[in-house]
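Participant: Would you mind keeping the following structure in view while I ask a few things?
Just so it is clear, none of the values below were taken in a lab; they were calculated from the coordinates. It should be emphasised that the depicted structure is a prediction, and the values quoted were computed from it without experimental measurement. Neighbour counts are summed over all protein chains in view; Cβ atoms, including those assigned to glycine, are modelled from backbone coordinates with ideal geometry.
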Amino acid sequence: MPISLVQRAAVQSSIAFIDLAAQQARLRPQIDAAIARVLAHGQYVMGPEVKLLEQQLAAFAGAAHCVSCANGTEAVALPLMAWGIGPGDAVFCPSFTFAATGEVIPWLGASPVFVDIRPDTYNLDPEKLEAAILAIKAEGKLTPRAIIAVDLFGQAADYPAIACIARRHGLKLIADSAQSFGSTLHGRHPVSWADAMTTSFFPAKPLGAYGDGGAILTEDDWLAERIQSLRVHGQATKSDIEGHSFDHDPKYLNLRVGMNSRLDTMQAAILIEKLRVFEDEIGWRNTAAERYTAGLAGSPARTPIVIPGGLSTWGQYTIEHDDRDGLAAHLKAYDIPTAAYYPMPMHTQDVYAGYPRPGGLPVSEEKADRVLSLPMHADIDADTQDRIIEAVLSFNG
Ligand SMILES: *Cc1c(COP(=O)(O)O)cnc(C)c1O
């Protein structure tokens with residue numbers, strides 16, 4: 001979600017796509033105090049707030065570990081690095097997603113294999129996933145290693161089915177939950193099925209900071225420790241050091257090729273304050289989603305479908321229409337901002353066009369022309385939503 005789409009109304013009555021200013025007005029005193037505490041202690045990198053936030057996020061999602069990092073893109077890359085995924089390896093992922101999901105795979109020299117989505121939820125289609133894995137195995141050129149499932153627009157992918165496929169084929173599973181942190185399926189967070197669940201704290205995401213940030217959650221002790229090492233230049237971890245003696249301070253031992261991917265203390269301090277109200281905000285987002293869905297019932301626009309047993313965090317409220325561009329132009333005339341996520345699935349971009357997509361991606365291609373996301377955030381009020389609903393209903397496209 002590019003920042004240019006985080007539109008803040010200049011005029012009082014104009015509508016924001018994601019109203020970060022309204023949230024800030026609600027939380028300003030706590031956030032000011034949190035920032036002041038960081039300025040006072042001065043531990044700007046890996047300060048105490050980083051550890052505290054990691055503990056709180058792990059508790060929130062019911063995971064054994066949370067390792068924070070610099071952004072949601074590197075959060076997806078770090079588990080792949082930890083598993084040693086590289087040239088000759090295949091990583092299965094949707095094409096109908098934000099580019100970061102697939103981008104990290106060629107970083108490591110591996111090949112993305114694009115898989116189509118379900119037409120109802122826009123998330124990975126388990127049947128097509130299995131078919132793609134079998135096709136790549138049969139071809140024999142690439143070694144299947146991992147699956148990246150995306151929790152698009154706020155809701156969890158079909159993890160019971162996807163995790164079963166991953167196990168059957170011996171593949172690692174990442175849940176890219178950048179748009180959906182806080183979402184559950186049958187009361188469980190995606191991390192309870194995936195080897196690693198990743199998220200982004202980009203400001204416009206459901207749990208956003210005031211800058212970049214990301215995190216990896218996992219039940220796997222080995223993976224958490226390996227990622228802690230990789231995010232700080234491959235430095236020696238506790239179990240690397242235990243039982244060994246060193247000529248130099250082991251702090252300067254670089255045991256693996258890592259990177260710098262740390263979350264700033266300032267962002268962690270801000271996120272701690274936002275996490276306190278996150279549960280409430282998810283509730284407000286769900287109330288707003290219900291209001292949209294009720295108001296748009298009977299219109300030619302298709303309203304979102306949530307997977308049975310799923311709780312969405314409504315990262316986006318995305319409708320479908322036969323004349324998507326006409327509807328967007330109509331709403332723009334009413335001063336209502338919208339966004340089409342994503343007009344170009346990854347495989348339609350030149351740089352990704354050469355990667356395999358066994359079985360094709362007809363659903364991704366169809367949805368790219370039909371989807372339109374309406375303003376959605378925790379602070380949207382009923383009057384604003386009524387204006388938007390009325391404007392959608394008045395379109396005779
Ligand atoms: C936003 C997003 C990312 C990347 O997060 P950044 O923090 O911007 O790097 C990855 N995957 C998905 C699905 C996203 O929406």
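Participant: In a GNM of the chain with a 10 Å cut-off on Cα contacts, which of L230, L80, L27 has the highest mean-square fluctuation?
Facilitator: Judging by the Gaussian network model, the answer is L27.
Participant: For segment 276-317 and segment 192-256, what is the centre-to-centre distance using only Cα atoms, to the nearest Å?
Facilitator: Distance between centres, Cα-based: 33 Å.
Participant: Going by how many other Cβ atoms sit within 10 Å of their own, how do S183, S373, S192, S299 line up, fewest first?
Facilitator: Fewest-to-most ranking of S183, S373, S192, S299: S299, S192, S373, S183.
Participant: Right, next: Label the chain by shape, choosing from rounded, prolate and oblate, from the square roots a ≥ b ≥ c of the eigenvalues of the Cα gyration tensor; if a/c is under 1.5 it is rounded, and otherwise prolate applies when a/b is larger than b/c, oblate when it is not. Walk me through the numbers on the way to the answer.
Facilitator: On the way: a/c = 2.12, a/b = 1.23, b/c = 1.73.
Oblate shape, in that a/c is at least 1.5 and b/c is the bigger or equal ratio.
Participant: Separate question: Most exposed first by the Cβ proxy, i.e. fewest other Cβ within 10 Å, how do D116, D247, D212, D176 rank? Mind showing how you got there, number by number?
Facilitator: On the way: D116 27, D247 5, D212 18, D176 31.
In increasing order of surrounding Cβ atoms, one gets D247, D212, D116, D176.
Participant: Assuming a ≥ b ≥ c are the square roots of the Cα gyration tensor eigenvalues, decide whether segment 126-280 counts as rounded (a/c under 1.5), prolate (otherwise, with a/b larger than b/c) or oblate. The partial results should precede the final answer.
Facilitator: On the way: a/c = 2.29, a/b = 1.16, b/c = 1.97.
In terms of gyration-tensor shape, oblate.
Participant: Normalised by the residues of segment 279-393, what does the relative contact order come to in percent, with Cα pairs under 8 Å and at least six apart?
Facilitator: Numbers: 128 pairs, mean separation 44.9, N = 115.
Result for segment 279-393 is 39 percent.
Participant: Beyond a 22 Å Cα-Cα separation, which of these cross-linked pairs lie in this structure: K137/K172; K51/K251; K172/K274?
Facilitator: Values: K137/K172 16 Å; K51/K251 18 Å; K172/K274 31 Å.
Violating the 22 Å Cα-Cα cut-off are K172/K274.
Participant: Continuing with the same structure: Give me the dipole magnitude in Debye, nearest 20, for the chain about the Cα centre, with unit charges on the beta carbon: positive for Lys and Arg, negative for Asp and Glu. The partial results should precede the final answer.
Facilitator: Working: 32 positive and 46 negative charges, 90 e Å.
Dipole of the chain, to the nearest 20 debye: 440 debye.
Participant: Once you've got the GNM for the chain with C-alpha springs shorter than 10 Å, pick whichever of Q267, Q179, Q316 has the biggest mean-square fluctuation.
Facilitator: Q267
Participant: While we're here: Under 1.5 on a/c is rounded, so check that first for segment 67-127, then, if it is not, pick prolate when a/b is larger than b/c and oblate when it is not; a ≥ b ≥ c are the square roots of the alpha carbon gyration tensor eigenvalues.
Facilitator: Details: a/c = 2.34, a/b = 1.43, b/c = 1.63.
It is oblate, given that a/c is not under 1.5 and a/b is not larger than b/c.
Participant: Could you check what % of the DSSP bridge pairs in the chain are antiparallel, to the nearest 5? List each step's numbers first, then the result.
Facilitator: Details: 22 of 39 bridges.
Restricted to the chain, the bridges split so that about 55 percent are antiparallel.
Participant: How big is the charge dipole of segment 279-393 about its Cα centre, in debye rounded to the nearest 20, if each Lys and Arg gets +1 on its Cβ and each Asp and Glu gets -1 on its Cβ?
Facilitator: Values: 9 positive and 18 negative charges, 76 e Å.
Around 360 debye, computed over segment 279-393.
Participant: So what is the relative contact order of the chain, in percent, for Cα pairs below 8 Å that sit 6 or more residues apart?
Facilitator: Details: 817 pairs, mean separation 88.8, N = 397.
Averaging sequence separation for qualifying contacts and normalising by length gives 22 percent for the chain.
Participant: For the chain, modelled as a GNM with alpha-carbon contacts under 10 angstrom, which of M81, M376, M46 fluctuates the most?
Facilitator: M46
Participant: For segment 88-205, what does the relative contact order come out to in percent, with C-alpha contacts under 8 Å and a separation of six or more? Could you put the intermediate results ahead of the total?
Facilitator: Numbers: 222 pairs, mean separation 26.3, N = 118.
Across segment 88-205, relative contact order equals 22 percent.
Participant: Can I ask one more? Quick check on the chain: helices-only [θ] at 222 nm, where DSSP H runs of length 4 and up contribute -39,500 (n - 2.57) each and the sum goes over total residues. Nearest 500, please.
Facilitator: Numbers: 13 runs with 152 residues, N = 397.
Calculated at 222 nm, the ellipticity per residue is -12000 deg cm²/dmol.
Participant: Provide F202, F98 in ascending order of the number of other Cβ atoms located within 10 Å of each residue's Cβ, fewest first.
Facilitator: On the way: F202 24, F98 21.
Ranked by crowding around the Cβ, least crowded first: F98, F202.
Participant: Which listed residue (M376, S364, T318) has the Cα farthest towards the positive end of the charge dipole for segment 279-393, taking +1 on Lys and Arg C-beta and -1 on Asp and Glu C-beta about the Cα centre?
Facilitator: Of the options given, the answer is S364.
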